[in-house]
Amino acid sequence: MHVERDISPAKADDLMSSAYKDLHAEIFRYIHSKSGDWSLAEDLTSETFLKALRYEGSTVRNLTPWLYTIARNLLYDYFRSAAFRCEILSDVSDASHRSQQSAEEEFLQKEDAVTLLRAMTHLSEPQRAVLRHRFYEGLNVRQTAERVDRCVGAVRSQQLRALRKLERVLEDSGLAREAVQS
């Protein structure tokens, strides 16, 4: 999507409205995947589109990467801010109040994540990319195909092969059966 500098304000508003409808969920997922905070992702997604709407610079050649750049910069600004540092300090004080059971659950979740990451090292980079886009970022097959520059059929095939290989690796380590039993 191209945005020309000399288009009318009404047309720019229509263009941004269309971009919002098409890209809102994708930008939200990106921010949420980086921040892990639902309400922060909602706020920064809105701020991303507001900044884009208020932009008065030169021509924007492609709207999607530009919106991702705005979102990334907003995330960087947030993580460098004093508000974020205060939240970190309050989380540290809250950690002392956690029960033993929640600490055990947290440890097991982290252990599962590490095991999955180790198992993913057995996949090729294209397979890892497909799984990351599909399951971590929550993109659909078409969006994933656009990101990895492949056709939809190739993405489906790569996803299936990657999941089968992960299953074999986890079964060999005895972890797949544990996951099914729990």
With labels modelled as points extended 7 Å from the Cα through the Cβ direction, what inter-label distance (nm, one decimal) is found for THR64 paired with ASP172?
3.5 nm
Segment ARG80-ARG132, length gained on full extension (0.36 nm per residue, minus Cα span):
16.1 nm
Accessible area, 1.4 Å probe, largest first: how do TYR78, TYR136, TYR20 sort?
TYR136, TYR20, TYR78
Computed on alpha carbon atoms, what radius of gyration and Dmax characterise the stretch 123-166, expressed in Å?
8.9, 24
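The values are calculated or read from the model by the stated rules, or taken from the named source; none is laboratory data. None of the values given here were measured: they were computed from a predicted structure. Positions of Cβ are generated from backbone atoms using ideal geometry, with glycine treated the same way; all protein chains shown enter the neighbour counts. For accessibility, only protein heavy atoms count, side chains too; no ligands or nucleic acids. Shrake-Rupley method; radii C 1.70, N 1.55, O 1.52, S 1.80 Å.
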